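Bear in mind that the values in this text are calculations on the coordinates, not laboratory data. Since the structure is predicted, the reported quantities are computational estimates derived from the model, not experimental observations. FYI the Cβ positions are ideal-geometry reconstructions off the backbone, even for glycines, and counts take in every protein chain you see.
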Amino acid sequence: MVKKVLFLSSANSARSQMAEGFLRALAGDAFEAYGAGSVPRAVDPMAVAVMAERGIDIGDQRPKGLREFMGTAQFDYLITVCDRAEKDCPMFPGKGTREYWPLDDPARGGASDEARLAAFCVARDHIEARVRRWLVERRYKPALRPEPPLGPGRLASKEGA
């Protein structure tokens, strides 16, 4: 039986979207991945961009609210990916195994686009490592990471190496 995983965050616009994307990419059909937020907002374009650097397309994912799943779905795992200070960090009723992965909201990573992009990259890398470790803890061997496409910054750094 396929295990169902719900990633929870306040807005379901970045962290839970990236976690959902990584679980789908790394575990294939072994798990069903979902994401939801207490106050859903549009998927952040920076989340889409940094995931594309890993070869994972989350551009078609949409934000979902907790109510969409309440009373209609049971989950084996409920994983909250909020920072400790967030007042809107959601709780989902149910009997699944609960985990808390504290993670700052990358959307609040700074005033400039460069600072926000850096925060999104840090969050993405943390989430990827955490999803991989979570899969290994469940005795599931995650897929190898796809080779990221060369971007403008990568090309320059490869040429200079």
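Please compute the Cα-Cα pair-distance distribution of the stretch 3-147 with 5 Å bins starting at 0, giving whole percents from short to long.
Cα pair-distance distribution for the stretch 3-147, in percent: 2, 11, 21, 25, 22, 13, 5, 1, 0.
With label points built 7 Å along Cα→Cβ from the Cα atoms of Ala73 and Lys141, find their separation and express it in nm.
Distance between label points: 3.0 nm.
Only Cα pairs under 8 Å and at least 6 apart count here; give the relative contact order of the stretch 16-57 as a rounded whole percent.
Worked out over the stretch 16-57, it gives 46 percent.
In debye, nearest 20: dipole of the stretch 3-147 around its Cα centre with unit charges on the Cβ of K, R (+) and D, E (-)?
560 debye
So, in Å, what gap is there between the alpha-carbon centers of the stretch 1-36 and the stretch 91-125?
A separation of 14 Å, based on Cα centres.
Applying 1/(1 + (r/R0)^6) with R0 = 25 Å to the Cβ-Cβ distance of Ala118 and Asp57, what FRET efficiency is obtained, to the nearest 0.05?
E between Ala118 and Asp57, to the nearest 0.05, is 0.70.
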